[in-house]
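What follows is calculated from the coordinates using simple rules that are stated; it is not laboratory data. The structure displayed is predicted, hence computed values, not measured ones. Heads up, the Cβs are rebuilt from the backbone with ideal geometry, glycines too, and the neighbour counts pull from every protein chain shown.
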């Protein structure tokens, strides 16, 4: 018993203090992984904020964006042009989704829209494979997967660029939502479709914008994840990994997605390295969900989510 | 300014509106009365573009706009409130009003994002206007409160504020006094009178309670089973035998 307590409460911290450089590496690894989760979570938050829809298809959109990009590059399109084309494809996709899926479902229950996005997931996965094939593809965007050493700490160049990109993207989006007229309109639409219409907000345009932005976020996430672990079907599943991030950060908060991602990323790595051995390791895969569950008990709206009291 | 001509609308086989015509002159406050199900809200929804009538025409400021969509109607200067309060519940009162002003705001995306130069000036100007409305409606104390947490009466007031923020030419109010206590009703009456008197806004309001609206409207139209059965000065309508019949047993006089 004392041994177990020692293993939980004392030994890990002794290890951390004993080897600070290794600790820093684990920490940085966690931060990088966390930012990648945040990127995916961001796509969810954007759409949830603007339409109150939990977009189950966000992971599929990441996969689809990555597949399109890789497919174009494989066919000899220069990387820059391929990026532009992929963006165009994602915007076109947003347009189609608005017309075919969302518009006929205006003012329906959220659960119905949610189910529509599940359908969208299967469509995107199937359609992506049909067009681009189901093989695992390597995505090379010119950033070498090499490491360099700063102050005795090993840092991966690819992960670093992913982190910087996420940080920039997040800053831009946060400003977009808080400061601009369109940001305010987005929040209004999320809150009440009818009321938004009545004060002159065109629903169609707003949805189109927000799904396009989510599509572009999906491209960035697709590039980062694709470059790290290859473009393959399982990319679609990282959507599930961003669920705990959302629960932690709150579904409606852009900063929440980031902080949530960081907590999950760092918590996961720390847990695996320092506490994992207690139970024989491999806790990285489920640790995040346990953390999210614990969080739900204490703060169901998440760290930064809006607490809305519904009067019945 | 608003000319509704021979409007008909039906839900399935139930005729909600049957050849209704009504005319609003600029600066007027008109009440549309009727029992539940008389077609009042349908009429309002048709005017604000939420429904498109299958027959009839709506002319606003000399232009036919029967088939415009809600955002386009709003852009014309027609603001409305809803029977069951449709506020942005998660946003503060202030943000609700600022959102109501969206149509009046324009400008570059980038400047807004940087909150710099003209964008900043614009935001401040609009903020000043919204503060003016907040003072007018006496809701200073709750400006930072999330709208969803307010009691019902105040929510209705905030909703009126959001409609006013757009500086509408025509204000459509769907049962602004429903579910309020006497004191709140008196406040609301006062605000409606002031909006009409001070800003010169044309107002069309819907009520099923006859007593309340008689004092604040220049003219009263009465709907019964989708048809207009009376239209005239409050006193005259009150005496109308057809109206008495329609209201028999529910009159508050």
Requested in this report: Working from Cα positions, state the angle (0 to 90°, nearest 10) between the long axis of helix B:182-194 and the longest principal axis of chain B.
Outcome: 80
Report task. Mark the label point 7 Å from the Cα of residue A:122 along Cα→Cβ and return the residues of the range A:238-260 whose backbone N is within less than 15 Å of it. Result -> none
Requested in this report: Whole Å is fine, so just give me how far the alpha carbon centre of the range A:112-129 lies from that of the range A:1-47.
Outcome: 34
Report summary line: Where a ≥ b ≥ c are root eigenvalues of the Cα gyration tensor, a/c under 1.5 meaning rounded, otherwise prolate if a/b exceeds b/c and oblate otherwise, the protein assembly as shown counts as prolate
Query raised in the report: What angle do you read, to the nearest 10 degrees and between 0 and 90, between the alpha-carbon axis of helix A:238-249 and the longest principal axis of chain A?
Result: 80
Query raised in the report: Taking Cα centroids, how far is the range B:62-102 from the range B:1-50 in Å?
Result: 18
Report summary line: Per the 1/(1 + (r/R0)^6) rule, R0 = 30 Å and r from the Cβ atoms of residue A:19 and residue A:286, FRET efficiency to 0.05 is 0.70
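By count of other Cβ within 10 Å, fewest leading, how are B:158, B:222 ordered?
B:222, B:158
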Query raised in the report: Per the Kirkwood treatment, what hydrodynamic radius in Å, one decimal, follows for the range B:171-245 from the mean inverse distance over all distinct Cα pairs?
Result: 13.1
Query raised in the report: Taking Cα atoms, how many degrees apart are the long axis of helix A:79-96 and the longest axis of chain A, rounded to 10 and kept between 0 and 90?
Result: 60
Report summary line: The Cα extents of the range A:2-298 along the principal axes, largest first and rounded to whole Å, are 63, 50, 34
Report summary line: 1/(1 + (r/R0)^6) with r = Cβ-Cβ of residue A:100 and residue B:209, R0 = 35 Å, i.e. FRET efficiency to nearest 0.05, evaluates to 0.20
Query raised in the report: Per residue of A:184-195, how many C-beta atoms from partner chains lie within 10 Å of its own C-beta, taken as a mean?
Result: 6
Requested in this report: Indicate the gyration tensor shape class of the range A:1-134 (rounded, prolate or oblate), computed on the Cα atoms with a ≥ b ≥ c the square roots of the eigenvalues: a/c under 1.5 is rounded; otherwise a/b larger than b/c is prolate and the rest oblate.
Outcome: oblate
Query raised in the report: Using 7 Å Cα-to-Cβ label points, what is the residue B:19/residue B:245 separation (nm, one decimal)?
Result: 1.6
Requested in this report: Quick one: order A:42, A:72, A:67 by neighbouring beta-carbon count within 10 Å, fewest to most.
Outcome: A:72, A:67, A:42
**Report entry** Label-point separation in nm, residue B:183 to residue B:135, each point 7 Å along Cα→Cβ
**Finding:** 2.5
Query raised in the report: Where a ≥ b ≥ c are the square roots of the eigenvalues of the C-alpha gyration tensor, would you call the range A:98-257 rounded, which needs a/c under 1.5, or, failing that, prolate if a/b is larger than b/c, or oblate?
Result: oblate
Query raised in the report: Using r as the Cβ-Cβ distance of residue B:167 and residue A:9, and R0 as 45 Å, what FRET efficiency do you calculate, to the nearest 0.05?
Result: 0.10
Query - Order of B:14, B:9, B:126 under a 10 Å beta carbon neighbour criterion, fewest first - result: B:14, B:126, B:9
